[in-house]
Structure formats: structure tokens, C-alpha cells
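Structure record follows, encoded as C-alpha cells.
The values are calculated or read from the model by the stated rules, or taken from the named source; none is laboratory data. The shown structure was predicted, so the numbers you read here are calculated from the model rather than taken from an experiment. No Cβ is skipped: glycine too gets one built from the backbone with ideal geometry, and neighbour counts run over all protein chains shown. Just the protein is used for accessible areas: all its heavy atoms, side chains included, with ligands, DNA and RNA removed. Shrake-Rupley method; radii C 1.70, N 1.55, O 1.52, S 1.80 Å.
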Amino acid sequence: MDTKTELRTLRHFIGGDWVGAEDGATFAVLNPLDDSLYAHAAKGTDADMRKAVAAAKSAFPEYKQTLPAERERWLLRIAEIMEERKSELIDCLIDEIGSPIQKALFEFNKGLTMVRAAAGMCRNVRGETIPSDAPGKFSMSIREPLGVVAVITPFNVPLIKNTRLVANALAVGNTVVHLPSEMAPHLSVLFAEIVAEAGFPPGAYNVVSGYGHEIGDDLTGHEDVDFVTFTGSTVVGQHINEICAKNKTPNTLELGGKSPTVILADADLDKVMPLAARSIFMFAGQACIASSRFYVERPLYDEFVKRFAMLVSKIGMGDLRDPATVIAPAISERQRNRIRSHIEDAVAKGATVVAGGEWEGNRCQPTLLTGVTGDMTVCKTETFGPVTSIYPIDSYEEGLQKANDTEYGLSSAIFTKDIDKAFHFARNIGAGMCHINGPTIHDEAHVPFGGNGESGVGREGTDADMEAMTELKWVTVQL
Ligand code: NAD
């Protein structure tokens, strides 16, 4: 199969077959470390998308009848094959999207937990019995899969998103059409190979690669798509939301963030510092839940800035296969320009770069800014790079107010020994997730993961996806 040749030519996976684009077109996938050619991938067309939706639709009636034990076995088999093909998946995460090996390993291990947790969903597709006022009437709800689920995923955590969203949709009996990021089609091709080998019937999982802005609407607006789960930027999410609203297609949207971390005067900086660094610089800030705002109570502020700058100067920017390397390349030239412009705009308007700010090839050094004000782009807009701003606060109340001064609402964190303030923060922060004495970057398979406002609509995770990707039907029996 030519998906495994030296320079790969990736194909769509539709109805159990590997096929090129209808018109034979391909696009180049670049290794973000040096922009060298990594692969060619089939450049999907609207006809390809229609074919994939038709395949998923025609597979659905039979697939929804599969037994929980079958789906459970296939999902657990995915995890086994992932372990067998670990080095291929890790290589792909490194060379296709520029993951440092520690991030690739983290993603791989997280992916295993996601798909195993999905296997646990198969036996839990349940309704309930309901008391009835009508004499002799037995009343119940049954939970049914929706049909064809469109899964649209971003470049930054493709394995986590596949193992969560594709697996959760399949677990509860839906079939899937997947549009992976144009930056990361190979990972999803590998995943499709694994899904097929695991035993899923043809048409249950279909992958169409291509440019989202060209073929995305052909998927989200398709009349036979019954649910859309989208992870990506807020601007694309808004567009999809409008299409789904018009067609009344239910959806979840997992979008961008500007997640705050509040550090109060009683926090233990020895414990906070490594977590602070992890919460922004893991994968060079290319995480939706990265902490791009730190609010530090005045008594600790100077010490925090000093220690953070020292720590940052030691963060690894070497070979991506060196376990000491943390900083990844920014994924694309467009993204590099965005990071550059955020730093330059801040500096031009009076911010101070206390660490980093320079580039080494396609990698931006981990960058700390102080003196950031509301008129600077970096203050309110997601950078999606290794850049964070540190602000002094005079009280907990000021920290909460500033943390809430955003249109986003994804993750948040507070470091303090004061349980009252910590819980007050958790209850009053306008974010979908809050971590007390832990970093903003945290995720598990079974938690309600997601955000509010510009960060999205709905939650994902085993329980949330069970709710979202199935429908309750009320059934009565007159006895
Ligand atoms: P992106 O929005 O550019 O692309 C995401 C996906 O959308 C890709 O597959 C792309 O092909 C597709 N797409 C583009 N136009 C489309 C359209 N019109 N219709 C349908 N699909 C379309 O995002 P990205 O650069 O890949 O990822 C980074 C963004 O994702 C950041 O904003 C980040 O915060 C966010 N993100 C959010 C979460 C979360 O769980 N909240 C997780 C990871 C990333």
C-alpha cells in the first residue's frame, strides 16, 4: 500500500476502500520543522465528500445493529494495534506536525486511554423505565445512535481527537465521516488502517483529506449528516454553527481559548513553577487549554517573573526526538506570522519581553511578556504559540475579575492554599474547566471537556458524547 512508501501518497478511506480524489488531485503536507515535503495527500472534492457520506449512511443500518460485545472488541483491538504500531504513530506525530517526542508519547498514551474508555461506552447505551399515570402502561426510554457523525479535527492533537471522537461515535453505534486537518492527514490515515484491521465493517469509518475551507461545508451542510463534532478555531466553529443551525444539525464545538492561571500570595512557587511552564510551553503553546495569561498576586510577582524567566531559558529546543526537547515548530507560515505579529504588536505598544521572543528556524523561543495592556492583540486574542503574558494583581478579587475579562471560556487554574478562595474561583470563573493547584492543561477520557462563549458549545468525553451522539426515544407498552 502506498500509504507506507518512503514519500507517502495518502488516499481517502471510503466504504472500506483506499481511493484517490475523484479528480486525482493531491496536496503537499509539509514537515513543520523545516518545511520539507512530508507527504502528498488526496485533495478531497465535494464528490469525494458525498461518496463518503453515502458510504457512512449505507453502512449505518447494519452497523447500528452490531452487538455491544462486537464494538467493544473492535475498540479494544484498536488499542492493541496502536501498541503494535506505536513507533509508526510516534514518528508520524513527530514528523507530520512537529511534536517533540515527550508530547508524542503523552498523546499516544492519552489516546490509548481514550479508545479504551470508548470501549466501555458500548454497554452503557441505555435508557430508563419511567413511571406512567396511565393504568397498565409500561413506559421507558431507549437510547439510539443518531446516524452519520461528521468529525472534524485540528492539527495539534490528532491522535487524541481521533481516539476520543471517532471512537466515541463508533462506540454508541454511529458511523463516521472524518475530515482531519490538512496539516495532519497521515495520522488519520494510519488510524483508519488500524480501525479497518481491528474489524470495523466497511463504511463505519470514512476519512476524506483535503482543505477544510474547500470541502468542509460539503460535510457539515450535507442533509445526511446527523451530528457534527468540530474541534478547531473559533472563526471556523462560528461558521459551522451557522450551517448547523440552518439545517438543525446538532453539534458540539470545541474551539479556541485564552485560559488564565491565577497565583495567590500563599502559593508555593516551588510547586507552581514547573506546572506553569508545562501549562503554556507544552507543544509550544499549540494547545487550546494552554495558559496564555498569568495573574500573580503582588507579593509573589517579581519572584515569579524572575523564576519563570530562568526556567524558560532552560527549556529544550533541540532535536524533536530528544526527550529534553519541549519547544515544537509552529505548524505553518501563517501561524508563525500570527505569533510574530502578536509579539511585535505588544512590543510596539510598550510590553516588555522578559524572556524569549526570538526565532530558531520555525521555532519561536518560549516567550514571556510583562506590561501587556488591553489594546495589545496578545492580551485578548488566542496566539496558539509559546507566548504568555504575566500580570500583577493586588487581590484575589482582582485576579478573578481579570481572569473573567475575556470572550473565551475554556480552561482555568488557581494556585492557593485558601480553600474558600479556590472554590469561589471554581464557581465563579466563566470557563468550562477549572483546576485548583493544577495546570490548565489537563484532560481525561471520561470528564466533561469543553468551554463556554467563544470557546465552544457542548462538552466531549464519554458521558457527554453518549448524550450528544445518541437520542432518547420514548416507548410505551399497554399491558
Ligand atoms: P482550524 O479551525 O484551522 O482547522 C480545524 C479543522 O477545521 C481542520 O480539519 C480544517 O480542515 C477544518 N475546516 C476549515 N474550514 C472548514 C469549514 N468551512 N468547514 C468545516 N471544516 C473546516 O484549526 P487548527 O489550526 O487546525 O487548530 C487550532 C485551533 O483549534 C485553535 O484555535 C485551538 O484552540 C483549537 N483547538 C480546540 C480544542 C478544544 O478541545 N477546545 C482542541 C484542540 C484545538
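Taken as a whole, region 128-149 holds at least one residue that is within 16 Å of the ligand (Cβ to nearest atom) and closer than 21 Å to PHE60 by Cα.
Just to confirm my filter: which helices (runs of 4 or more DSSP H) fall fully inside region 158-262 and include at least 1 residues that are closer than 27 Å to ALA431 by Cα and among the small types (Gly, Ala, Ser)? Break it down stepwise before answering.
Working: elements: 158-161, 167-171, 185-198, 212-220, 234-247.
Ranges flagged: 167-171, 234-247.
Inside region 346-377, residues that are surrounded by 24 or more Cβ atoms within 10 Å (Cβ to Cβ) and without any contact (Cβ under 8 Å) to a residue 60 or more places away in the chain make up a count of 3.
Would a scan of region 185-193 turn up a residue that is away from the ligand (no atom under 16 Å from the Cβ) and among the acidic types (Asp, Glu)? Yes: one or more hits.
Would you be able to tell me the number of residues in region 272-290 that are away from the ligand (no atom under 16 Å from the Cβ) and either assigned to a loop (DSSP other than H, G, I, E, B) or under 20 Å from ASP420 (Cα atoms) (or both)?
Step one: filter region 272-290 for residues away from the ligand (no atom under 16 Å from the Cβ), giving 272-278.
Restricting the remaining residues to those that are either assigned to a loop (DSSP other than H, G, I, E, B) or under 20 Å from ASP420 (Cα atoms) (or both) gives 272.
Total satisfying the criteria: 1.
Would you mind stating whether ALA309 is among the hydrophobic types (A, V, I, L, M, F, W, C), open to solvent by less than 20 Å² (accessible area, probe 1.4 Å) and either closer than 19 Å to GLU382 by Cβ or touching a residue at least 12 places away in the same chain (Cβ under 8 Å) (or both)? Full working, then the answer.
Values: among the hydrophobic types (A, V, I, L, M, F, W, C): yes; open to solvent by less than 20 Å² (accessible area, probe 1.4 Å): no; either closer than 19 Å to GLU382 by Cβ or touching a residue at least 12 places away in the same chain (Cβ under 8 Å) (or both): yes.
For ALA309, the condition - among the hydrophobic types (A, V, I, L, M, F, W, C), open to solvent by less than 20 Å² (accessible area, probe 1.4 Å) and either closer than 19 Å to GLU382 by Cβ or touching a residue at least 12 places away in the same chain (Cβ under 8 Å) (or both) - is not met.
With respect to ASP48, determine if the residue is within 22 Å of LEU179 (Cα to Cα) and either assigned to a strand (DSSP E or B) or open to solvent by 60 Å² or more (accessible area, probe 1.4 Å) (or both). If you could, list the steps in order and put the result at the bottom.
Working: within 22 Å of LEU179 (Cα to Cα): yes; either assigned to a strand (DSSP E or B) or open to solvent by 60 Å² or more (accessible area, probe 1.4 Å) (or both): no.
Against the criterion (within 22 Å of LEU179 (Cα to Cα) and either assigned to a strand (DSSP E or B) or open to solvent by 60 Å² or more (accessible area, probe 1.4 Å) (or both)), ASP48 does not qualify.
Within the option set ASN206, ASN168, being within 15 Å of the ligand (Cβ to nearest atom), within 23 Å of ASN109 (Cβ to Cβ) and polar (S, T, N, Q) holds for one residue only, ASN168.
Residues are listed down the side, and each one gets a yes or a no for (1) part of a helix (DSSP H, G or I); (2) open to solvent by 60 Å² or more (accessible area, probe 1.4 Å):
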{"site": "GLU70", "(1), (2)": "yes, no"}
{"site": "TRP74", "(1), (2)": "yes, no"}
{"site": "GLU88", "(1), (2)": "yes, yes"}
{"site": "ASP95", "(1), (2)": "yes, no"}
{"site": "SER99", "(1), (2)": "no, no"}
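The condition of being within 22 Å of SER292 (Cβ to Cβ), touching a Leu at 6+ places or on another chain (Cβ under 6 Å) and open to solvent by 20 Å² or more (accessible area, probe 1.4 Å) does not hold for PRO392.
Among THR383, THR388, which is the only one that is within 16 Å of the ligand (Cβ to nearest atom), under 19 Å from PHE283 (Cα atoms) and in a strand (DSSP E or B)?
Just a single option satisfies the conditions, and that option is THR388.
Applying the criterion of being part of a helix (DSSP H, G or I) and out of contact with any Leu (no Cβ under 9 Å at 6 or more places or on another chain) to the residues of region 121-143, the residue that is most open to solvent (accessible area, probe 1.4 Å) is ARG123.
I'm trying to understand the selection: among the residues of region 434-479, which are in a strand (DSSP E or B), open to solvent by less than 20 Å² (accessible area, probe 1.4 Å) and not charged (D, E, K, R)? Give the steps one after another, and end with the answer.
Applying the first criterion (in a strand (DSSP E or B)) to region 434-479 yields 435-436, 449, 456-457, 460, 470-478.
From what is left, the residues that are open to solvent by less than 20 Å² (accessible area, probe 1.4 Å) are 449, 456, 460, 470.
Matches in region 434-479: PHE449, GLY456, THR470.
Quick check on my filter: what residues within region 216-233 are crowded, with 20+ Cβ neighbours inside 10 Å and near the ligand (Cβ under 9 Å from one of its atoms)? Listed by number, the residues that qualify are GLY216, ASP218, LEU219, THR220, VAL228, PHE230, THR231, GLY232. Collect the residues in region 410-454 that are within 16 Å of the ligand (Cβ to nearest atom), small (Gly, Ala, Ser) and free of Cβ contacts under 8 Å to residues at least 60 places away in the same chain, keeping them in residue-number order. Listed by number, the residues that qualify are GLY430, GLY432, GLY453.
For every residue, the table says whether it meets (1) assigned to a strand (DSSP E or B); (2) closer than 26 Å to ARG307 by Cβ; (3) among the β-branched types (Val, Ile, Thr); (4) touching a residue at least 60 places away in the same chain (Cβ under 8 Å).
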site	(1), (2), (3), (4)
GLN335	no, no, no, no
ARG338	no, no, no, no
PRO392	yes, yes, no, yes
LEU400	no, yes, no, yes
